[in-house]
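Trainee: Sharing a structure here in structure tokens format.
Derivation of every value follows stated rules applied to the coordinates shown; laboratory data play no part. Model, not experiment: these values are computed from the prediction. All Cβ positions, glycine included, derive from the backbone under ideal geometry; neighbour counts span all protein chains shown.
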Protein chains: 2
Amino acid sequence: MDRIPIVPDIVVGRLPLYLRALQRMAQEGQSITSSQELGERLGISAAQIRKDLSLFGEFGKQGTGYQIDYLVEKLRQILHVDKIWDMVVVGAGDVGRALSRYQGFTDRGFRVVMVFDKDPKIIGSQIGSFQIQSTDTMIQAIRENCILVAMLAVPADQAQEAADKLVEAGVKAILNYAPINLGVPEGVYVQNTDPVTYLLRMSYYLAS
Amino acid sequence: MDRIPIVPDIVVGRLPLYLRALQRMAQEGQSITSSQELGERLGISAAQIRKDLSLFGEFGKQGTGYQIDYLVEKLRQILHVDKIWDMVVVGAGDVGRALSRYQGFTDRGFRVVMVFDKDPKIIGSQIGSFQIQSTDTMIQAIRENCILVAMLAVPADQAQEAADKLVEAGVKAILNYAPINLGVPEGVYVQNTDPVTYLLRMSYYLAS
DNA sequence: TAGATTGTTAATCGATTAACAATC
DNA sequence: TAGATTGTTAATCGATTAACAATC
């Protein structure tokens, strides 16, 4: 069904940006766009967008541009979000709570199905519609439900231990909010999203 | 005082990773490291680390490696976090609350000093030690305190409006949690940190 | 048809790596 | 001294851009 292009990771990183901008355009009632218009929104050159997309197929029409609905559908297929991914949240502190209650997942291909914490004092209590479960039973629960995606929101000094459990449970993708580099085996994908890292990147440019 | 190297943005993006790993090593009691060891932790080649650092000076010793404390100090200078940056949080929902109460800022060069929301029902109530202020008075409050850094955690459809206010108030760096591309003038830096974008990047690799 | 925009090629540009003299 | 590791150069590799034929 799919081609087997060798897709540079840097291209994969841009596809979600294209998808998000296109979905926004659709929401604004637009039905067609061009590589130039999309590029202007994103600060990316039109040539690059066309080249990126051409790795996966021919989605546009000369002289016209891209049908937004169609391109969104294709990008969702390419990124494997033509289904809903079940996720777990590990860590029921403020960040875990925010993730558990975040409304922005479901219409973009993801949903939280379980929340775990190791603190006996909060296990059993509710976060939104979830009852916080113990990390002691986490491996089994994740395995039984074949969950592949986790968001990790525990303190830095507990993150590696939690990640090890997730890996053991079969999780293949970890969105890591702890400010630490996790060691994981081949085939497990980690995306770090520590706010301070981004702030530092900006403060470099905030010279005096 | 500083050199004037032309530093590629991709290098700037790696410096915070170096800093974070070095600070962790220091915390673990280590006092010296090498480009090789650091590279192994981060999944980055030793040559690249040496090359990146060499843009800013000569921080190591042949045969020995890098004094961690010294390199941390230098990186903090380079990234302009040899001081504490005051920040505001805009949006007092779950994400804004998590950011306002996050303990991980202060020892890494940042601190939240004010929290704003536009909802009259929550203005005046407390989040941690902050009293939520009205966005109506935000521009003035930011200006008076010469704040340059903001974290934006409002719904997507209010994000551009809030960003416009931040820019008007003189903010130069915005960490944007809303899943939307903000339009900002030259000289204002935006870092997007929408969780779904990262999840999509990973789900590409989660083929079946 | 005339105008617009794609998909793709070739040229350019920039980033990464390999290698090694210098030196601690 | 012998071993190790830096800083830096040159070579390689990969990504971006410019340009244009194809075509809607």
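Trainee: Give me the mean projected area, in nm² to one decimal, of the convex hull enclosing the Cα positions of the protein assembly as shown.
Mentor: On the way: hull surface 88.8 nm².
Orientation-averaged projected area of the Cα hull: 22.2 nm².
Trainee: As a test of the formula, what do you get for the protein assembly as shown when each DSSP H run with n ≥ 4 contributes -39,500 (n - 2.57) and the sum is divided by the residue count, at 222 nm and rounded to the nearest 500 deg cm²/dmol?
Mentor: On the way: 16 runs with 172 residues, N = 416.
Taken over the protein assembly as shown, the calculation gives -12500 deg cm²/dmol.
Trainee: Taking a ≥ b ≥ c as the square roots of the Cα gyration tensor eigenvalues, with a/c under 1.5 meaning rounded and otherwise prolate when a/b beats b/c, else oblate, which class fits segment A:59-123? The partial results should precede the final answer.
Mentor: Values: a/c = 5.43, a/b = 3.66, b/c = 1.48.
Note, shape of segment A:59-123 comes out prolate.
Trainee: For A:VAL115, enumerate residues with amide H under 5 Å from its amide H, sequence gap 5+ or separate chain, H modeled in the peptide plane.
Mentor: So A:VAL115 has HN proximity to A:VAL89, A:GLN133.
Trainee: Would you mind ranking B:VAL196, A:VAL12 by Cβ crowding within 10 Å, fewest neighbours first?
Mentor: Numbers: B:VAL196 21, A:VAL12 18.
Least to most surrounded, the residues fall as A:VAL12, B:VAL196.
Trainee: Separate question: If only Cα atoms are counted, what is the Rg of segment A:65-208, and what is its Dmax, in Å?
Mentor: For segment A:65-208, the Cα radius of gyration and maximum Cα-Cα distance read 16.9, 57 Å.
Trainee: Enter the angle in degrees (range 0 to 90, nearest 10) between the Cα long axis of helix B:195-205 and the first principal axis of the Cα atoms of chain B, meaning the one along which they spread out most.
Mentor: 50
Trainee: Restricting attention to segment A:100-208, which GluC sites (Glu not before Pro) occupy a DSSP loop and are surrounded by at most 13 other Cβ atoms within 10 Å? Intermediate values should be presented prior to the final figure.
Mentor: Working: sites: A:GLU144, A:GLU161, A:GLU168, A:GLU186; in loops: A:GLU186.
Taking segment A:100-208 and a limit of 13 other Cβ atoms within 10 Å, the loop GluC sites (Glu not before Pro) found are A:GLU186.
Trainee: In addition: Which of the GluC sites (Glu not before Pro) found in segment A:1-102 are loop residues per DSSP with 14 or fewer other Cβ atoms within 10 Å of their Cβ? Mind dumping the intermediate values first?
Mentor: Numbers: sites: A:GLU28, A:GLU37, A:GLU40, A:GLU58, A:GLU73; in loops: A:GLU28, A:GLU58.
The qualifying sites are A:GLU28, A:GLU58.
Trainee: Quantify how strongly other chains surround peptide A:186-197 by giving the mean number of their Cβ atoms within 10 Å of each of its Cβ atoms. Display every interim value, and only then the final one.
Mentor: Values: counts 0, 1, 2, 7, 3, 7, 3, 6, 6, 12, 12, 9.
Per residue, the average neighbour count from other chains is 6.
Trainee: Arrange the following residues from fewest to most other Cβ atoms within 10 Å of their Cβ: A:LEU200, A:LEU42, B:LEU75.
Mentor: Numbers: A:LEU200 28, A:LEU42 16, B:LEU75 22.
Ordered by Cβ neighbours within 10 Å, fewest first: A:LEU42, B:LEU75, A:LEU200.
Trainee: Right, something else. Of the trypsin sites (Lys or Arg not before Pro) in segment A:131-208, which ones lie in a loop per DSSP and count no more than 10 other C-beta atoms within 10 Å? Intermediate results must be reported in sequence, preceding the final value.
Mentor: Values: sites: A:ARG143, A:LYS165, A:LYS172, A:ARG201; in loops: A:LYS172.
The qualifying sites: there are none.
Trainee: Order by neighbour count: A:SER203, B:SER34, fewest other Cβ atoms within 10 Å first, most last.
Mentor: Working: A:SER203 24, B:SER34 16.
Fewest to most other Cβ atoms nearby, the residues stand as B:SER34, A:SER203.
Trainee: If you don't mind, there's one more thing I want to ask. Let me confirm one metric for peptide A:91-98, namely the mean number of other chain beta-carbon atoms within 10 Å of its residues' beta-carbons.
Mentor: Counting other chains' Cβ atoms within 10 Å and averaging over A:91-98 gives 5.
Trainee: Cα-based count: Lys pairs in segment B:13-144 below 22 Å, eight or more positions apart or different chains?
Mentor: Numbers: B:LYS51/B:LYS61; B:LYS51/B:LYS74; B:LYS61/B:LYS74; B:LYS74/B:LYS83.
Lysine pair count for segment B:13-144: 4.
Trainee: So what does the Cα-only Debye profile of segment A:1-130 read at q = 0.11, 0.12, 0.23 Å⁻¹, as log10 I(q)/I(0), no solvent term?
Mentor: Values returned for q = 0.11, 0.12, 0.23 Å⁻¹ are -0.52, -0.59, -1.33.
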